[in-house]
Amino acid sequence: MSATIEHVNTAAEPLRVAVVIGSTRPGRFGPTVADWFVRQARIRDALTVDIVDTMTTELPHAFGAEAHPSVAEATEKLSRADMFVVVTPEYNHSYPGTLKNLIDSHHTEWQAKPVGFVSYGGISGGLRAVEHLRPVFAELHAVTVRDSVCFPNPWGRFDGTADPHAEAAAATMLDQLIWWGEALRTARAIRPYGK
């Protein structure tokens, strides 16, 4: 038995990337890193960018509690995204609890979509946080791309302006995200995930 696959034209629409800012600490550095990454993404004509900030998304702290209206806005952005970039600090060799709360409060929004990471922290540049996030997203049926961007000890050294090494890393990660984003968007259009 042979299956017929119709050609699906999804190339005309730009891919939508949701940039998730994971930190909520006072004086946080996340917006500086996220703003820099958003500028890198907007260079690509094939991309449209949305921002989901855990600082402004008031998630319920108890199971079954009523969600704040800001959650509906975040859910809409995550749902319509073709791919995600998580901007995360490293807290105690892992990632922030507020980020885990956002991730766990959504399920189908992540499925069959690629995820990239931009991290920052001490000497490791937040890479331990990224390594903890990869199995979380695998459990949610998302695909994490191999390459990421990291900023070791960025405080006082990185002000959100040009950084050739980081720009090269972002370009590589975006190439991978766009490849996966296009492939998975086409696949979801042919056959919804899980069906």
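Total residues in region 100-128 satisfying the condition of being in contact with a Ser or Thr (Cβ under 7 Å, 6 or more places away or on another chain), farther than 21 Å from W180 by Cβ and not in a loop (DSSP other than H, G, I, E, B): the figure is 2. Does T54 count as surrounded by 23 or more Cβ atoms within 10 Å (Cβ to Cβ), at pLDDT below 95, in contact with a strand residue (DSSP E or B) (Cβ under 8 Å, 6 or more places away or on another chain) and more than 18 Å from R16 (Cα to Cα)? It is true that T54 is surrounded by 23 or more Cβ atoms within 10 Å (Cβ to Cβ), at pLDDT below 95, in contact with a strand residue (DSSP E or B) (Cβ under 8 Å, 6 or more places away or on another chain) and more than 18 Å from R16 (Cα to Cα). Here L133 qualifies as closer than 27 Å to E58 by Cβ, part of a helix (DSSP H, G or I), under 13 Å from the mean Cα position of the chain (by Cα) and at pLDDT 95 or above. In the condition set (1) over 30 Å from F158 (Cα atoms); (2) touching a Leu at 6+ places or on another chain (Cβ under 9 Å); (3) modelled with pLDDT of 95 or more; (4) surrounded by fewer than 20 Cβ atoms within 10 Å (Cβ to Cβ), W110 is compliant with all but (4). Taking the criterion of being of a type outside the set (S, T, Y) and without any contact (Cβ under 8 Å) to a residue 40 or more places away in the chain, the residues of region 146-162 that qualify are R146, D147, C150, P152, N153, G156, R157, A162. Are there any pairs with C-beta distances below 7 angstrom linking a residue in region 88-108 that is farther than 13 Å from T54 by Cα to a residue that is of a type outside the set (K, R) and assigned to a strand (DSSP E or B), with the two at least 6 apart or on different chains, and if so which? So the pair list comes out as E90/S119; E90/G121. Residues in region 146-195 that are crowded, with 17+ Cβ neighbours inside 10 Å and part of a loop (DSSP other than H, G, I, E, B) were compared, and the one that is modelled with the highest pLDDT is S148.
May I ask you to list the residues in region 66-99 that are within 17 Å of V143 (Cα to Cα), outside any helix (DSSP H, G or I) and among the charged types (D, E, K, R)? Selection gives D82 alone.
Whenever a residue of region 66-85 is of a type in the set (F, W, Y), its partners that are part of a strand (DSSP E or B) and crowded, with 17+ Cβ neighbours inside 10 Å, lying with C-beta atoms within less than 9 angstrom and at least six residues away or across chains, give the pairs F84/V17; F84/A18; F84/V19; F84/V20; F84/V52; F84/P114; F84/V115; F84/G116.
The values are calculated or read from the model by the stated rules, or taken from the named source; none is laboratory data. Since we're looking at a predicted model, the values are computed, not measured. Every residue, glycine as well, gets a Cβ built from its backbone with ideal geometry; the counts of neighbours run over all protein chains shown.
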